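What follows is calculated from the coordinates using simple rules that are stated; it is not laboratory data. Note that the structure is a prediction, hence the values are computed from the model and not measured. We place every Cβ from the backbone using ideal geometry, glycine too, and count neighbours over all the protein chains shown.
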Amino acid sequence: MNGEFLEALDQLEKAKGIPKASLIQTVEAAMQSAYRKHYGATEEVRLEIDEERATVRILARRPITPPAAEPGEEPGEGVADVEAPLDGADEPVIEYEEHEINTKEFGRIAAQTAKQVVMQRIREAEREIVFDVFSGRVGEVRTGEVQRRDARNVYIAVDGVEAILPAHEQIPGEPYRFNDRIKVYVLDVRKTTKNPQVIVSRTHPQLVLRLFELEVPEVFDGIVEIRSVAREPGARSKIAVISRDPQVDPVGACVGHRGARVQSIVDELRGEKIDIVRFNDSMDEYLKSALSPARVSQVLVNMAERAAIVIAPDNQLSLAIGRRGQNVRLAAQLTGWRIDIRSESQWAEAPEEIVTTVEALEQGTEEPAPIEGATEGRVRVYELARQLEVESKDLVEILQEEGIEVTSHASSIDVEQAKSVRDMLLGGDGTLEELGSGEFDIDFDAEPVETEADGDEDEQGLLLE
C-alpha cells in the first residue's frame with residue numbers, strides 16, 4: 001500500500017466528515033477480518049503509517065511462545081523472550097513478534113469481507129455524526145430544498161441530510177414543489193435502525209419567532225423581546241412584543257420600513273398574515289391590543305381565574321370575534337386568558353347579567369348562559385345565529401364543516417352542540433370532542449375577513465399601533 005491509500009483517507013475525511021483516526025481503525029478491523037478469513041488465524045492486525053514517506057504497512061502480530069523446557073530445567077529458564085514479572089505480578093509480560101501481511105495473497109472472498117466491513121463502519125460513523133450534529137440544532141431554523149414527496153410526507157434536503165416534513169407539520173394548502181427552497185424548524189432527531197430521522201416543521205409557533213430573529217436585528221440582539229406567539233398556520237399569527245430600550249419602538253422595529261421586514265416573513269410563510277401587538281403588563285390594555293384590529297370599549301378582568309369579559313361596539317363585534325372565531329381564539333392563545341366577548345347593546349340591555357357573570361367568574365361558579373329558543377333539547381339554526389349575531393348561512397357552513405348534520409337555517413341541532421359552537425365562536429373552552437361528533441379541526445385554508453377597519457395594514461398582514 002502506498003500514498004494513494006493516504007490520499008483516499010484524506011478525501012473520505014473531507015467528504016464524510018469522519019476523523020482520520022476513526023478511518024484507520026475501520027481499515028484495521030477490515031484487514032483483521034480479511035486476514036482471519038484467508039488464513040483462519042486469530043492474530044491481531046494493525047496499520048503502520050509513515051506519512052513522511054507516504055507508506056502504509058499492514059502488520060500481524062502473535063505472542064512469542066516459550067520453547068519447551070529441557071529435562072532438569074525449570075519452565076521458562078533460559079528463555080530471553082519472556083520478561084520478568086512486573087510489580088509483583090504473578091504472570092510474566094508476554095512479548096509479541098510482528099510480520100508484514102501481503103494483501104496480494106488475499107482471495108476474492110477475503111477482499112469482499114474487508115470491503116463490507118469498511119462500508120459498514122463508515123455508515124455507522126456517518127449515522128453517529130448526523131445524530132450528534134442535528135441533536136444540537138433542535139429548535140433552530142434551517143433552509144432546505146424539497147427533494148420529493150409521497151402521499152403524506154415531504155422529504156427535504158437540510159444540510160446534506162434528508163429530513164422528513166410529516167403531514168401534520170405541513171401548512172395546509174402549501175405547495176411543495178421539487179427544488180423549492182423553504183425554511184423549516186428542526187423539531188426532533190430520532191435514532192432508528194437505519195439512518196437518524198430528522199423531523200422538521202412548518203407549523204410550529206417557534207418558526208415565526210425564529211424568522212423574526214433572522215429578519216429583525218433588534219430581536220436577535222435582545223433589544224426587542226417577543227413575549228408570546230399564537231398561530232393558526234396558513235391563516236394568521238399574532239405576536240406580542242416589548243422593548244427593553246425606551247427609544248426603540250418594538251412594533252415599528254418588527255414591521256420595518258414600509259413593512260419590508262415583516263413582509264419577507266409573510267412571503268416565507270406563503271402569505272400567512274401576521275399581527276404585531278404591543279405587550280403590556282396591564283391586562284386591560286394587553287387584551288385590547290390582542291384583539292386588534294378590532295376596537296374594544298371595555299374589559300372586565302378576573303385575575304384569579306385568568307378570565308375576562310370584553311365589551312365591543314356593535315359594529316366591531318364580528319371583527320373582534322373574527323371569521324369562525326379566529327381573532328378571539330388567537331387572542332386567547334396569545335394571552336393565555338379565557339375571553340368572552342359581548343356587544344355594547346347586550347351591555348346596555350342587561351348590564352346586571354354581565355356583572356353577575358363577572359362576579360361568578362371571581363367566585364369560580366359561573367354557569368353557561370342558556371341557549372335561547374331551545375325546545376325539547378334542540379334549537380333552530382336561525383335562533384342560534386340570531387343569538388350569536390352571525391349570518392344563518394355562515395353558521396350552517398360552520399356546522400357542516402364540523403360534521404353536524406344541517407341542511408338549512410331551519411334545521412335544528414342538539415342544545416349541547418349549540419353550546420359548544422357558541423363557546424367556540426365566543427372564545428370559550430367548549431369543544432366538539434365532548435359531543436362525540438368528531439375532532440374539531442380549524443379550517444386553515446379560509447381567507448380572513450376583509451373589512452374596512454383592516455385597512456392597508458391588514459392587507460399586508462400587519463397591525464400598526
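Name the residues whose placed amide hydrogens come within less than 5 Å of the amide hydrogen of ASP275, ignoring near sequence neighbours (fewer than 5 apart) on the same chain.
Result for ASP275 returns SER237, LYS238, ILE239.
Please list 3J(HN,Hα) in residue order for the range 124-131, calculated via the Karplus relation 6.51 cos²θ - 1.76 cosθ + 1.60 where θ = phi - 60°; whole Hz, with x for glycine and proline.
For the range 124-131, the Karplus-derived couplings read 4, 5, 4, 4, 5, 5, 4, 5 Hz, x marking Gly and Pro.
Once label points are set 7 Å from the Cα along Cα→Cβ at both ASP159 and ALA21, what is their separation, rounded to one decimal in nm?
It works out to 2.3 nm between the two label points.
Would you calculate the convex hull of the Cα atoms in the range 215-363 and tell me its volume per residue in Å³?
In the range 215-363, the Cα convex hull volume per residue is 116 Å³.
FRET efficiency for LYS393 and ASN315, Cβ-Cβ distance as r, R0 = 22 Å, nearest 0.05? Display every interim value, and only then the final one.
On the way: r = 20 Å, r/R0 = 0.93.
The value I calculate is 0.60.
GluC sites (Glu not before Pro), restricted to the range 122-194: which are DSSP loop and have at most 16 other Cβ atoms within 10 Å?
GLU140
Using the Karplus equation 6.51 cos²θ - 1.76 cosθ + 1.60 (θ = phi - 60°), what ³J(HN,Hα) coupling, rounded to whole Hz, does each residue of the range 163-180 give in order, writing x for Gly and Pro?
So the J values, rounded to whole Hz, are 9, 10, 10, x, 4, 6, 9, 9, 6, x, x, 7, x, 10, 9, 4, 6, 5.
Which percent, nearest 5, of DSSP beta bridges in the range 166-292 are antiparallel? Could you put the intermediate results ahead of the total?
Details: 13 of 19 bridges.
Expressed as a percentage, antiparallel bridges in the range 166-292 total about 70.
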